[in-house]
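Chemist: Okay, handing you the structure first.
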Amino acid sequence: MYEVLRRAAPVARVTTPTGDPAWLVTRYEEVRDLLGDKRLGRSHPEPDKAARLSTAAILDGPTGNHDTEAADHARMRRLLTPAFSAKRMNLLSGYLRDLVDGYLDRLVAERAASPDGVVDLHAGLALPLPVAVICRLLGAPESDREHFHSLSERMSDLAIGEEAHRAFEEFSRYMVGLVEAKRARPGEDVISDLVRAQSTDPTFDYDEMVRLCVGLLFAGHETTVNRIGLGTLFLLTHRDQWAALTADPDGRINATVEEIMRLGAPGDLGLLRYAHVDVEVAGVTIRRGDAVVLSINAANRDASVYRDAEAFDPDRPERAHLGFGHGGHFCIGASLARTELRVVFAALARRLPGLRLVKRVEDLEVRTTITGGVTELPVTW
């Protein structure tokens, strides 16, 4: 259907899962341009009238103040860019390698003790690693990992309705407690940095800071959990690419991760934006206040941009993708995600070259959260 839309109606009128009208954008050129278009934003001029994308309690509708969104976004990036810089991520890589080796050591021991030699790579690596990393970076207690990840899954679940909103409220209360703990005893971490900034900037609203912390803790691990899982599936179902990576991890890891990012964009719904003024796109007039859904998955599979677009091919010459967005909203955590994925897949290739799935892909259970992915990765070697 995406292929048909890209050719016939790259900006199409659709109905979201909540029954609201929206414009779905599927072609690479338009998605890229609109990602960087300042005439679209996360806020809405009349929030009570805004279309919703899903029933999940996070990223389901408008956020922020329409009058101050641009200034708030600029402040957020100014505060967070140093924490997520490529230089800081390089310094983090040694810790990451040790962490990944520890998880793999436990998986090796678990396999040796297992009667059938099967272990779950999702539970043993894909899930706990990003949670541990974002805890360290933001300053969340390691003992809270399971609690806040459970809340993250519930508040982003598309299948549980009001329960997702209760989980979001609980997560917000948890974050208020963490913020107040940092206010009393600040550390060298991102949440402490935000608390210090909010205490000296009268325009930085307390509730806004709490929402930002919730979003960082959620997005900082959920999307990477998804990409480790999907990346593993791409590689283990393309044995030639897995063999090539195990033969030359250092030489192939960057291209492999970029191809995982291209095909492994989280979730199926896309990114929700609202038009702040009337916008003309591909011959279609999007009116002020209209919802616009930018389909990263569709754009990253545009055959006019990528040769054999549906194929998993790290050797393809076209490296540009929209897996981290584009323009002023380019993902601030891109360096962190790339660093994690490079360390994970290079370590898997070196240490477990015989890695293979023990279930058919179609038999794996799919997560019902907005980020998607699978609930298990049963493997052996």
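Chemist: When each pair of different Cα atoms in the chain is counted once in the 1/r mean, what is the Kirkwood radius in angstroms, to one decimal? Show your work: numbers first, answer last.
Modeler: Working: mean 1/r = 0.0460 Å⁻¹.
About 21.7 Å, per the Kirkwood formula over Cα pairs.
Chemist: A further question follows. Grab the Cα-Cα distance for Thr81 and Arg173, subtract it from 0.36 nm times how many residues apart they are, and report the gain in nm with one decimal.
Modeler: Values: separation 92, 0.36 × 92 = 33.12 nm, distance 2.60 nm.
Separation in residues times 0.36 nm, less the Cα-Cα distance, equals 30.5 nm.
Chemist: Between Glu142 and Thr380, how many nm apart are label points set 7 Å from Cα along the C-beta direction?
Modeler: Here the answer is 3.2 nm between the modelled labels.
Chemist: Please say if the range 106-183 is rounded, prolate or oblate, where rounded means a/c under 1.5 for a ≥ b ≥ c the square roots of the C-alpha gyration tensor eigenvalues, and otherwise the choice is prolate for a/b larger than b/c and oblate otherwise?
Modeler: Numbers: a/c = 3.70, a/b = 1.60, b/c = 2.31.
Taking the square roots of the gyration eigenvalues as a ≥ b ≥ c, the range 106-183 is oblate.
Chemist: Here's a follow-up. Within the accessible area of the range 276-358, what % is carbon and sulfur when the probe is 1.4 Å and the other protein chains stay in place?
Modeler: Working: 1630 of 3310 Å².
Within the range 276-358, the accessible surface is 49 percent carbon and sulfur.
Chemist: Convert each backbone phi in the range 283-289 into a coupling constant with the Karplus relation 6.51 cos²θ - 1.76 cosθ + 1.60 (shift: θ = phi - 60°), then list the ³J(HN,Hα) values in order as whole Hz, x for Gly and Pro.
Modeler: Residue by residue, the range 283-289 yields x, 10, 9, 9, 7, 3, x Hz.
Chemist: Compute the accessible area per residue over the range 12-78, keeping the other protein chains in place, probe 1.4 Å, unit Å². Please list the in-between numbers first.
Modeler: Numbers: 3340 Å² over 67 residues.
Dividing the accessible area of the range 12-78 by its residue count gives 50 Å².
Chemist: Also, quick follow-up: Determine one quarter of the surface area of the Cα convex hull of the range 15-71, which equals its mean projected area, and express it in nm² to one decimal.
Modeler: Working: hull surface 18.1 nm².
So the Cα hull casts an average projection of 4.5 nm².
Chemist: By a straight-distance test (C-alpha under 19 Å), which aspartates and glutamates pair with Lys49 as possible cross-link partners, with residues fewer than eight away in the same chain excluded?
Modeler: Candidates past the 8-residue exclusion: Asp20, Asp60, Asp67, Glu69, Asp278, Asp290.
Chemist: Let me ask something additional. Magnitude of the Cβ-charge dipole of the range 105-217, K/R +1 and D/E -1, about the Cα centre, nearest 20 debye?
Modeler: Working: 12 positive and 21 negative charges, 62 e Å.
About 300 debye.
Chemist: Kyte-Doolittle mean at least 0.5 and Cα extent at least 24 Å along the axis: which DSSP H helices of the chain qualify? Intermediate values should be presented prior to the final figure.
Modeler: Values: long enough: 86-113 (40 Å, -0.12); 162-184 (34 Å, -0.60); 206-236 (46 Å, 0.78); 334-351 (25 Å, 0.48).
Those that clear 24 Å and a mean of 0.5 are 206-236.
Chemist: Continuing with this model, one more query. How large is the accessible surface of Asp33 in square angstrom, using a 1.4 angstrom probe and rounding to the nearest 10?
Modeler: Approximately 80 Å² of Asp33 is accessible to the 1.4 Å probe.
Chemist: Also: Using a simple spin-label model with points 7 Å from Cα along the Cα→Cβ vector, what separation in nm is obtained for Ala311 and Val108?
Modeler: 3.6 nm
Chemist: Whenever you get a sec, line up Met89, Met76 from highest to lowest accessible area (probe 1.4 Å, protein heavy atoms).
Modeler: On the way: Met89 0, Met76 45 Å².
Of Met89, Met76, the descending order of accessible area is Met76, Met89.
Chemist: Let me ask something else about it. If each DSSP helix of 4+ residues adds -39,500 (n - 2.57) and the sum is divided by the residues in the chain, what number results at 222 nm, nearest 500 deg cm²/dmol?
Modeler: Numbers: 13 runs with 188 residues, N = 381.
So the calculated ellipticity at 222 nm is -16000 deg cm²/dmol.
Chemist: While we're looking at this one, here's another question. How large is the Kirkwood hydrodynamic radius of the range 235-381, in angstrom, based on all distinct alpha carbon pairs?
Modeler: Numbers: mean 1/r = 0.0575 Å⁻¹.
After inverting the mean inverse Cα-Cα distance, the result is 17.4 Å.
Chemist: What does the convex hull of the alpha-carbon atoms of the range 220-263 project to on average, in nm²? Please list the in-between numbers first.
Modeler: Values: hull surface 12.3 nm².
Convex hull of Cα atoms, orientation-averaged projection: 3.1 nm².
Chemist: While we're on this one: Lys359: which aspartates and glutamates have alpha carbons under 18 Å from its alpha carbon, excluding same-chain residues fewer than 8 sequence positions away?
Modeler: In chain and number order, the partners are Asp116, Asp120, Glu376.
Chemist: Another question, if that's okay. Say each of Ala320 and Glu362 gets a label point 7 Å from the Cα, pointing the same way as Cα to Cβ; how far apart are those two points in nm?
Modeler: Result for the modelled spin labels: 3.7 nm.
Chemist: What translational diffusion coefficient, to the nearest whole µm²/s, does the range 100-150 have by Stokes-Einstein, given a Kirkwood radius computed over alpha-carbon pairs, a temperature of 10 °C and 1.306 mPa s viscosity? Could the numbers behind the result be given before it?
Modeler: Numbers: Rh = 11.9 Å.
Reported coefficient: 133 µm²/s.
Chemist: Could you report the range 155-257's accessible area per residue, 1.4 Å probe, as an integer in Å²? Before the final figure, lay out the partial values.
Modeler: Numbers: 4390 Å² over 103 residues.
Here the per-residue accessible area is 43 Å².
Chemist: Please report, in debye to the nearest 20, how large the charge dipole of the range 21-116 is about its Cα centre when each Lys and Arg carries +1 at its beta carbon and each Asp and Glu carries -1 there. Write down the numbers at each step before the final one.
Modeler: Working: 15 positive and 15 negative charges, 77 e Å.
The calculation lands at about 380 debye.
Chemist: Magnitude of the Cβ-charge dipole of the range 8-69, K/R +1 and D/E -1, about the Cα centre, nearest 20 debye?
Modeler: Details: 8 positive and 10 negative charges, 32 e Å.
Here the range 8-69 has a charge dipole of around 160 debye.
Chemist: Oh, and also: With springs connecting C-alpha atoms under 10 Å apart, model the chain as a Gaussian network and identify which of Phe234, Phe218, Phe330 has the largest mean-square fluctuation.
Modeler: Largest GNM mean-square fluctuation: Phe330.
Chemist: Here's something else I'd like to know. Using a Gaussian network model on the chain with a 10 Å cutoff between Cα atoms, which of Gly264, Gly19, Gly64 fluctuates the most?
Modeler: Gly19
The values are calculated or read from the model by the stated rules, or taken from the named source; none is laboratory data. Note that the coordinates shown come from a computational prediction; the quantities given were computed from them, not determined experimentally. We place every Cβ from the backbone using ideal geometry, glycine too, and count neighbours over all the protein chains shown. Accessible surface areas use protein heavy atoms only, side chains included; no ligands, DNA or RNA. Shrake-Rupley method; radii C 1.70, N 1.55, O 1.52, S 1.80 Å.
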